[in-house]
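Have a look at the structure below, then the notes.
Here, each number is a calculation from the coordinates, and none is a lab measurement. Owing to the predicted nature of the structure, the values given are computational and were not obtained by experimental measurement. With ideal geometry, Cβ positions are generated from the backbone for all residues, glycine too; neighbour counts draw on all protein chains shown.
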Amino acid sequence: MAAMSKLLYTLKKEFLLITRDVHAVAVLFVMPAVFIMIMSLAMRDLFDSHGGVTIDVLTVNRDGGKDAETFLKAIGGLPAFRFRAFERDAAPERLRERMLAEDTKFALIVREGFSAAVEAAPGGKGEAPLELLVNPAVTVQTQMVLRGALEAKLAMLRRDAFVARLGDILVAAGIDGESLRKDGGSPVAVTYATRGGGSVKVPSAVQQSVPAWLVFSMFFIVIPLSNTFISERAQGTLMRLKSMNVSRVALIAGKMVPYLLINGVQVLIMIAIGVWVVPLFGGTALTPGRSPAGLALIAAAVSFSAIALALFIASLARTSEQATTIGGVLNIIFGALGGIMVPTFVMPRFMQELANLSPMAWGLQGFLDIFLRDGGAADCLPESLALGLFGTVMLALTAVILRRQREG
């Protein structure tokens with residue numbers, strides 16, 4: 001009973017301290033809400049197959065032939081790109097100046113002799129019939145997408161020209177030339193892999209943003225926690241608790257329980273923002289998955305590890321400024337390394353391996369298992385166990401530091 005009363009006393013004390021530092025706690029709710037809204041809306045069209053963002057491409061038709069006109073008409077239907085005609089006789093330098101002045105990403109030049117190249121027999125070599133000017137700010141991936149689309153359309157045009165040349169031969173052989181020219185559409189059917197073969201769920205920006213920035217903000221619990229912890233140490237509260245024979249376990253538990261509750265509320269509010277608020281501004285609604293148990297498990301694991309890390313940093317730091325600086329820098333490193341700020345799939349292979357060292361990466365993958373892959377508690381269990389082990393190590397180190405400080 002005595003031990004329980006001491007624990008209740010530390011809990012009451014901690015809640016009182018939290019109410020006196022409302023601004024620091026408010027950051028934990030305002031920061032992720034702002035990030036979720038901004039990133040969900042900013043990246044909406046990146047994940048939406050029907051998005052309205054298009055990339056302008058200046059086009060210069062120096063050939064003027066029928067095949068060139070047919071080609072330009074064909075590429076005009078490419079999604080995500082908008083082709084704008086430019087002066088036929090424009091000098092290359094003028095074209096580059098217009099690109100840079102308007103920040104246009106591409107300029108396509110249909111060279112003289114394009115029609116002749118299309119009509120030529122297959123296998124012929126010579127100057128490339130197309131020239132693509134690329135803005136240096138364009139990513140290689142975007143350039144490859146456009147190049148691939150242009151090459152595909154040019155190949156189809158050459159196929160049609162080849163079939164036309166074989167007209168009489170095909171008739172004699174009883175082959176319908178028109179059927180050879182028809183575009184049967186894409187031969188690739190796209191589906192999304194989900195746990196247990198669940199319903200197909202098209203990924204959206206909000207499903208990427210909510211778990212990423214939620215994990216990031218949960219680790220920022222170091223700010224309010226370190227403020228109260230270091231304030232208590234400076235005011236002698238920890239020494240008075242020692243004189244009352246309050247154990248380190250009760251002290252740590254008294255610190256953890258209130259912030260576990262805060263993180264729980266944080267999770268619910270951020271999910272609610274994704275489900276109801278983001279759609280009000282034109283974004284896609286968050287679908288939180290089909291496993292409340294899995295969501296609760298990974299949220300508790302992330303919260304436990306974040307609070308344990310915050311306690312470790314707060315016990316090491318001498319001032320709240322030190323704790324805030326160390327915690328902030330460490331969180332940014334964990335976030336950048338763990339796929340919060342930069343998706344891991346665009347990282348080099350060695351960076352993807354390093355990402356596995358970040359606890360934020362474990363938490364993010366656990367949330368994605370629930371939100372995107374229709375997983376359950378069993379699917380996010382490996383990440384939850386890793387986070388639990390990380391938190392346990394941090395708490396053990398915190399207990400060692402507190403014992404040395406008490407003995408000192």
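Key figures
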read-out: Cα-projected label distance for A296 with E127, points at 7 Å along beta-carbon direction, nm; value: 7.2 nm
read-out: In order through segment 213-229: 3J(HN,Hα) via Karplus (6.51 cos²θ - 1.76 cosθ + 1.60), integer Hz, x for Gly, Pro; value: 7, 5, 4, 4, 6, 5, 6, 7, 4, 4, 5, x, 5, 5, 4, 5, 5
read-out: For segment 256-357, diffusion coefficient by Stokes-Einstein and Kirkwood Rh (Cα), 20 °C, 1.002 mPa s, µm²/s; value: 133 µm²/s
read-out: Per-residue Cβ neighbour rank within 10 angstrom, fewest leading, T287, T325; value: T325, T287
read-out: Simple spin-label estimate for L330 and A396 in nanometres, 7 Å along Cα-Cβ; value: 1.7 nm
read-out: Total charge dipole magnitude, segment 52-165, about the Cα centre, Cβ charges on Lys, Arg, Asp, Glu only, Debye to nearest 20; value: 300 debye
read-out: For K153, K66, order by how many other beta-carbon atoms lie within 10 Å, fewest first; value: K66, K153
read-out: Ratio Rg/Rh [Cα only; Rh per Kirkwood] for segment 52-165; value: 0.96
read-out: Calculated from backbone phi, Karplus (6.51, -1.76, 1.60) coupling profile of segment 138-151 in Hz, x at Gly/Pro; value: 6, 6, 4, 5, 5, 4, 5, 4, 5, 4, x, 5, 5, 5
read-out: Long-range amide H partners of T59 with built H, under 5 Å; value: R84, A85, F86, L108
read-out: Full-extension gain in nm, R62 to R159, via 0.36 nm per residue minus C-alpha separation; value: 32.7 nm
read-out: Table column - 3J(HN,Hα) (Hz), segment 58-69, Karplus curve with 6.51, -1.76, 1.60, x for Gly and Pro; value: 6, 10, 10, 9, 8, 8, x, x, 5, 5, 5, 5
read-out: Trypsin sites (Lys or Arg not before Pro) within segment 300-408, DSSP loop, no more than 11 other Cβ atoms inside 10 Å; value: R318
read-out: Amide H within-cut-off set for L286, under 5 Å, with H built and near neighbours excluded; value: V275
read-out: Sites H23 and N356 - FRET efficiency at Förster radius 30 Å, r taken between beta-carbons, to 0.05; value: 0.25
read-out: Residues whose placed amide H lies under 5 Å from that of G376, excluding near-sequence neighbours; value: none
read-out: Antiparallel content of DSSP bridges confined to segment 52-165, in %, to 5; value: 35 percent
read-out: Backbone N under 19 Å from the R94 label point (7 Å along Cα→Cβ), restricted to segment 58-76; value: 58-64
